[in-house]
1. Below 8 Å between Cα atoms, with a sequence gap of 6+, how large is the relative contact order for segment B:10-253 in percent?
2. Under the Kirkwood approximation applied to all pairs of distinct alpha-carbon atoms, what is the hydrodynamic radius of segment B:10-253 in Å?
3. Residue by residue through B:68-81, how many Cβ atoms from other chains fall within 10 Å of the Cβ on average?
4. Enter the mean number of other protein chain beta carbons within 10 Å of the beta carbon of each residue in B:83-95, as an integer.
5. Go through segment A:31-37 residue by residue and turn each phi into a ³J(HN,Hα) via Karplus (6.51, -1.76, 1.60, θ = phi - 60°); whole Hz please, and just put x for glycine and proline.
6. Whole angstrom only: what separates the Cα centroid of segment B:170-227 from the Cα centroid of segment B:98-137?
7. Can you tell me which of A:63-69, B:191-197 comes out highest on packing, and rank the rest after it, using the mean Cβ neighbours within 10 Å?
8. Tell me the label-point distance for the pair A:Thr73, B:Asp5, using the 7 Å Cα-to-Cβ offset, in nm and rounded to one decimal.
Amino acid sequence: MCTMIAEKLQVSGSGKARGRWFPLGQTYVSYDHPFHAPLEHALNLDFVNESLGPGSRVAVELTPEAARALATTILRVLDEGAKAEGR
Amino acid sequence: MQETDGYEGMLAETITVTGDGGDQIHAYLARPLGEGPFPAMVLLHHIPGWDEWYREAARRYAHHGYVTISPDLYCRDGHGSAEDMAAKVRAEGGVSDDRVIGDADGCIAYLRSLPNVSGKVGVMGTCSGGRHSYLVACRSALGVDAVVDCWGGGVVMGPDDLSPQRPVAPIDYTADLNVPLLGLFGENDRSPTPEQVAIHEAELKRLNKPYEFHMYPDAGHGFFYYHYPAAYAAEAAVDGWEKIWDFLGQHLAG
């Protein structure tokens, strides 16, 4: 493995896999070997719904740089959204 | 290796074996046809799961004359594609070392029960499977006759790396290793790093254990995986397989 750096969080929302939307239940976040990205280690995101079975999964594998950029962009966009909504 | 005028046949299929705790788990069995007696191998899959590469590897071992079994170490965790199951198990922190050792013992018992198996059994794995193979060689209740560790990360672990699933660093069991060990590693690997491999090798030397390690330049993690271009290192892979056949031929065959 070989890092075994992985966390799981409960989430709400929707994901789309195999042409179908499904309600999300969990997100797995890991820094470990990717399945597809040409990297030894990647930031792996798995958006899943455990109650629907292992196939209900949207997988994303990012370079560490891309993952950090995504994380900061998400936070910035969320802040803008909150500001626009007066929160 | 078969001669061109010899008979050759193989049977490969999914079976059920009794694993750790008496649980029934799936395994892929590939065996050469014939009376034998054949040596046998247990293949412990890597963190990406019980995938196509392991089935192909099992058939390759069978082609080379080994009755070979590869258990689904994630069988209790559900069923789906190998990737989906691997993602699920990874999020749970991985399988426990004790459970893997119990599953391997179930496979060893199954192999030794077969009338065409010589009784000699080796264990091999890549990535986490290499680490697990080393653990099995050190801790199996039934024992194996040889072990092949291909770039097993996490043999050397710091206190912060330990977890409920992996409570003891495999290197700490080295005193219990009593069979020959073959280790194949890449210089560009980050898990295990060359420094970690050197620590492991020093411990083997200190305890006077039989081993041979090969560190390949220009190879990283998973250099056998031809289906993964970023990892595959053709020269190292070809030589690595030859090292495996030579090693197993010396310690399991005959």
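1. On the way: 535 pairs, mean separation 39.0, N = 244.
Value for segment B:10-253: 16 percent.
2. On the way: mean 1/r = 0.0565 Å⁻¹.
Kirkwood radius, segment B:10-253: 17.7 Å.
3. 1
4. On the way: counts 7, 10, 2, 5, 11, 9, 2, 12, 13, 3, 4, 5, 0.
Going residue by residue through B:83-95 and averaging, the value is 6.
5. Working through the residues one at a time gives 10, 6, 4, x, 7, 10, 4 Hz.
6. Here the answer is 19 Å between Cα centres.
7. On the way: A:63-69: 13.1, B:191-197: 18.1.
Going by the mean number of other Cβ atoms within 10 Å, highest first, we get B:191-197, A:63-69.
8. 6.7 nm
Values quoted throughout were computed directly from the atomic coordinates according to the rules given, and no laboratory measurement underlies them. What you see is a predicted model; the values in this text were computed from it and never measured. Virtual Cβ from ideal backbone geometry, glycine too; neighbours counted across all protein chains shown.
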